[in-house]
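Scroll down for the structure; my scribbles are underneath it.
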Amino acid sequence: MDSADTPGAEGPPEEALKPIGCSHYKRKSKFVTPCCKKVYTCRFCHDEKEDHTVNRKEVTELICTLCEMRQPVQAECQNCGIRFGKYTCLECNLFDDEDKNQFHCSGCGICRIGGADKFFHCEKCNMCLPVQLKNGHKCVENVSRSNCPVCLEDIHTSRIPCHIPMCGHLLHRTCFNQLLKAGHYACPICQTSLMDMSQLWTYLDNEIAHTPMPPQYNTYMVQILCKDCHKESTVKFHVIGCKCIHCGSYNTCRIKGPFKPSGRSKPSSSNQAASPDDDQSSSNSQES
């Protein structure tokens, strides 16, 4: 039997429906920007060429790329009937022909990608977070309404995924990876360790055990503040690092000393004095 084709549906020819757009979005419309009255495919195209930014929610006019008709913002062209994007959000004036599992978050006030079933909006953090963090994340009020502490670009509207460290301060994942590559393992905002550092702490324990201080310094003490548990302690001074006696972290800073035990006043009750012969407390601070 000879093969046969089913009849095509009514509408423009298929070649006319090929994805149209820019490097940022595939869509069949262009914006008339309210700020400078110029025509751009998307806000990113505008912001890359102009000395100001555009708020896409303020856009009121667009142009169909198929029939070139200028018209109010809407989902379909009022002249040729083409849909401007398979995903359409008239609240954000967003049109996109690529499937990115887009969804509009009313709490964030913007569209996000990745699937609404995989994220939840935390009211205190005021942003969308992965569902696996729903009952196990540290809330930081309005945490995304700030700039990345590394690149200083806005986080809330960024298209770059964010890394969420244990302290809760957000930074772009690319910036996080750059920090680790450069040897920086502490949060740029609060200086808390960005990841599990237990292997490094064990390594430093071994280094200190095999690197005794010269006799004239081996009785010196220092008072330190731990940047991970935020507690103070008094420990033996060592040039490699000072270890917190509360949580075992070397992410510490020196707040007093070095001094000899006999040459200082009695420590306050909030500080735990360590025995000079206690190997657990003989350590030294990591300067971040």
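The values are calculated or read from the model by the stated rules, or taken from the named source; none is laboratory data. All of these numbers come straight from a predicted model, not from anything done at the bench. Cβ sites come from the backbone with ideal geometry, for glycine too, and all protein chains shown count toward neighbours. Surface areas here come from the heavy atoms of the whole protein model, side chains and all, with no ligands, DNA or RNA. Shrake-Rupley method; radii C 1.70, N 1.55, O 1.52, S 1.80 Å.
Note on segment 8-135: Rg/Rh from Cα positions, Kirkwood definition for Rh, rounded to two decimals, is 1.02.
Surface analysis of segment 165-255 yields an accessible area of 50 Å² per residue, using protein heavy atoms and a 1.4 Å probe. Per the Kirkwood formula applied to alpha carbons, segment 127-253 shows a radius of gyration over Rh ratio, Rg over Rh, of 1.07.
Annotation: Cα Rg of segment 200-261 relative to the compact-globule expectation 2.2 N^0.38 Å equals 1.05.
If you take the beta carbon distance between Lys49 and Ile189 as r and set R0 to 45 Å, what does 1/(1 + (r/R0)^6) give as a FRET efficiency, to the nearest 0.05? The computed FRET efficiency comes out at 0.85.
According to the Kirkwood relation over distinct C-alpha pairs, the hydrodynamic radius of segment 55-115 is 12.3 Å.
Pairs from the table (Lys118/Lys243; Lys134/Lys236; Lys134/Lys227) lying more than 32 angstrom apart at Cα are Lys118/Lys243; Lys134/Lys236. For segment 79-180, the relative contact order comes to 14 percent (Cα pairs under 8 Å, sequence separation of at least 6). Residues whose amide H falls under 5 Å from that of Lys26, counting only those 5 or more places apart or on a different chain, are Asp97, Glu98, with hydrogens built in the peptide plane. Spin-label model, Lys37/Thr157: points 7 Å from Cα along the beta carbon direction are separated by 2.3 nm.
The lysines within cross-link reach of Lys30, meaning a Cα-to-Cα straight distance under 18 Å and a gap of 8 or more places when in the same chain, are Lys18, Lys38, Lys49, Lys57, Lys86.
Output the relative contact order of segment 33-105, whole-number percent, from Cα pairs under 8 angstrom with separation of 6+ residues. The partial results should precede the final answer.
Details: 86 pairs, mean separation 13.4, N = 73.
Relative contact order for segment 33-105 comes out at 18 percent.
Per residue, the average separation of C-alpha pairs within less than 8 Å and at least 6 apart gives segment 94-243 a relative contact order of 11 percent.
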